[in-house]
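What follows draws every value from the coordinates through simple rules; no lab data is involved. Source: prediction; values computed, not measured. Virtual Cβ from ideal backbone geometry, glycine too; neighbours counted across all protein chains shown.
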Amino acid sequence: MTKESLKALNKKNRMVQTPELVDIIGGLNEKPVLLSFWPSSDREFNNKNFHGDFKQVELFKECPRCFDFRNIWSKVLKNLATEVNNNEIEFGFVNCLSNEKICSSLGMDDLVRGDPADYDPRLFMFLPSQMGGNKIRYKDSKLSAKKLSNWSRRLLSFYTFEDTSYKQLGSKMNLNRNLPSLGGVAELQSDPKVAYVFLYDEETLVPEDELILHQLVQPIMDLNRNAYLYKSSDAQRFLRFIEQRETELANNYLNEYVEEGEEKLQFDKVMFETKTLSVLPMMLCIKENSLLSPVYQSFNSRDMRDIVKVTDFIKANADPTYEELNLYSKKQIFPRKFDPKIHDYTEKVVVAILDDNDYTDMFKKSYYLTFINQSVNYVKQIFQFKNLLAKRNLKYEEMERVGPRRAVKALQKKIDNVFKVPEYRVSTVYMTRTTLLFSQKWWPYIDVSN
């Protein structure tokens, strides 16, 4: 990038003052606006000195971290130059000492009354929507130009919620119909995608149904995952697809190394229909490198509008088939806070140590991680389904025992959902020997040299 083009780009990051800020927060902007918030006033920090050096800007002397964040912000602007020049996104900065009420209402009271030396960078993407859910906050504690750039691109890729067909989603991510066998793995995918697809019927969809999409943007962006949210009227094609991939999983992939004479797994149509039976709208979770597709079942209009339950479904199914265990993902894989709605004490984590100088070893272990993840989580569903059938049989036996008069009451007894995602879940992750060496304190009992 030339000096002239960089100078022109820097001018597109501009100070946003109160009247415009009110419109942006209200969703009246024509395109997404990425805003950073600062513990300063319009007089001391503005378009003239934003890109000044440390000695020129008084704010940087009071707030050294402001200087560091300004440099990160400039790198993000440069990383997203294509999107900025194509008018896909706007950049701006807000001085909270000149917008005290607004900053306080957004939960940034410390930028108004706190000490600048304790500054904690604050970022929001404001979307052009008046349906609510347009204020998306960047919450990751690990702030870097790369992470913020990727976060912004991820949000820009789906926030419009245009109808996405099965074929169109296939151009955005790998819709696996099968998985490679041992020796057939071509690469170790470092950041596999997870897509949540809101399926609907064009003839029956009402505006109240679509509100959930805007409410789910923040939970999706809060995931420390390469996760996306789409809307599709191509429901039958997607449902046919997830049945085809589970058939491949049960009949072929998981039976590849079953010895002759041993019992093989078979696709169970009844179990599949029990897991996926739903009215529209409903939601699917589709993952790269996986043939399992969790379904959020909806049996009435209230189910798909329940933000708490849908968010729990999203969080519970956010784990990719396998991922790297590092400083960024550690908090998600080993959460400090136990949430019974999305966690279970029976969960396990399988960690593979890869030799990053041996590609054959890396590809082989990526196969093992995938196979462990798919086989354990699918067999778990088989046992959960057997548990469901046993509970149904107990209900029918009770109906026969109590007689015709009380049979209706026995029939009305509700059987709780047995397909609990966290129950006996196995998460599969990997670390390279190099990463392990730099994080020895996590694993004090492992001999890194061996």
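Among the trypsin sites (Lys or Arg not before Pro) within region 1-107, those in coil by DSSP and having at most 12 neighbouring Cβ atoms inside 10 Å are Lys11, Arg43, Lys48, Lys55. Across region 64-76, rounded Karplus estimates of 3J(HN,Hα) from the backbone phi angles (6.51 cos²θ - 1.76 cosθ + 1.60, θ = phi - 60°) give x, 5, 4, 5, 4, 5, 4, 5, 5, 4, 5, 5, 5 Hz, Gly and Pro being marked x. Of the residues Asn95, Ala318, Gln374, the one whose Cα sits farthest towards the positive end of the charge dipole of the chain is Asn95 (charges of +1 on Lys and Arg Cβ, -1 on Asp and Glu Cβ, taken about the Cα centre).
For Lys391, the aspartates and glutamates whose Cα falls under 14 Å of its own Cα, not counting residues fewer than eight places away in the same chain, are Asp416. Under the convention that each Lys and Arg Cβ holds +1 and each Asp and Glu Cβ holds -1, the size of the dipole of region 206-279 around its Cα centre is about 340 debye. The residue list Pro281, Gln189, Ser41 was ranked by how far each Cα lies along the charge dipole of the chain toward its positive end, using unit charges on Cβ atoms, and Ser41 comes out on top.
Within a straight-line Cα-Cα reach of under 20 Å, Lys7 can be paired with the following aspartates and glutamates, leaving aside sequence neighbours fewer than 8 residues apart in one chain: Asp53, Asp68, Glu83, Glu88, Glu90. Over region 21-142, the fraction of Cα-Cα pairs per 5 Å bin, rounded to whole percents and listed from the shortest bin up, is 2, 11, 20, 23, 21, 15, 6, 1, 0.
With contacts taken as Cα pairs under 8 Å at a separation of at least 6 residues, region 166-442 carries a relative contact order of 23 percent. When a/c is below 1.5 the answer is rounded, else prolate if a/b is larger than b/c, else oblate, so apply that to region 255-376 with a ≥ b ≥ c taken from the square roots of the Cα gyration tensor eigenvalues. Oblate shape, in that a/c is at least 1.5 and b/c is the bigger or equal ratio. Using Cβ point charges alone (K and R +1, D and E -1), the dipole size of the chain about the Cα centre works out to roughly 660 debye. Mean residue ellipticity at 222 nm, helices only, the chain: -12500 deg cm²/dmol; runs of at least 4 DSSP H residues each add -39,500 (n - 2.57), and the sum is divided by the number of residues. Ordering Pro219, Gln244, Leu21 by Cα displacement along the dipole of the chain toward the positive end leaves Leu21 in first place; charges were set at the Cβ atoms of Lys, Arg (+1) and Asp, Glu (-1). GNM, the chain, Cα, under 10 Å: largest mean-square fluctuation among Gly26, Gly133, Gly183? Result: Gly183 has the largest fluctuation of those listed. Taking the chain as a whole, the Cys residues whose C-beta sits 4.7 Å or farther from every other Cys C-beta are Cys285. Here, P(r) means the percent of Cα pairs in each 20 Å bin from 0 to the largest distance; for the chain it is 21, 48, 26, 4, 0.
Run the count for region 165-314, please: Lys pairs, Cα-Cα under 14 angstrom, 8 or more apart or on different chains.
Summing the qualifying lysine pairs gives 5.
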